[in-house]
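The values are calculated or read from the model by the stated rules, or taken from the named source; none is laboratory data. Keep in mind that this is a model prediction, so the values were computed, not measured. We place every Cβ from the backbone using ideal geometry, glycine too, and count neighbours over all the protein chains shown.
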Amino acid sequence: MDSFWDNFWTLLIFIPLLLLWVFALVDLFRNPEVSGLAKALWAIAIVLLPIIGMIVYFVVLYDSEPAEAAPSSAATIDQLTQLAALRDNGVLTEEEFQREKDKLLGVEPAGTA
């Protein structure tokens, strides 16, 4: 009977916690938004306080609101094509076309600092 409960705790509790712990460490070192010193401090917290460190890491580093998604490249290409057609038809001037193109590509227009 003891072996059943030992296996139960191992399979249902210990292994998932171990996987979460490993995932937290892998995620930490693959996250480009965290600086080197912060990675070292988080790693120490996760290793020394495994359950609490994991929970705090996931709560602090992952906001409840997802980041605003960037427009897809296909949508950007379609919009640039439409802008070029408007310019070619004389609806937009070259300056207006360049300004709108810079907005779409996220480029700061020349001359503004």
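Pick from region 21-48 the residues that are among the β-branched types (Val, Ile, Thr) and at pLDDT 90 or above: which of them is surrounded by the most Cβ atoms within 10 Å (Cβ to Cβ)?
Here the residue is Ile46.
Residues are listed down the side, and each one gets a yes or a no for (1) in contact with a Phe, Trp or Tyr (Cβ under 7 Å, 6 or more places away or on another chain); (2) modelled with pLDDT of 90 or more; (3) surrounded by fewer than 12 Cβ atoms within 10 Å (Cβ to Cβ); (4) within 30 Å of Leu17 (Cα to Cα):
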residue: Ile52; (1), (2), (3), (4): no, yes, yes, yes
residue: Leu61; (1), (2), (3), (4): no, no, no, yes
residue: Ala69; (1), (2), (3), (4): no, no, yes, no
residue: Gln79; (1), (2), (3), (4): no, no, no, no
residue: Gln98; (1), (2), (3), (4): no, yes, no, no
residue: Gly111; (1), (2), (3), (4): no, no, yes, no
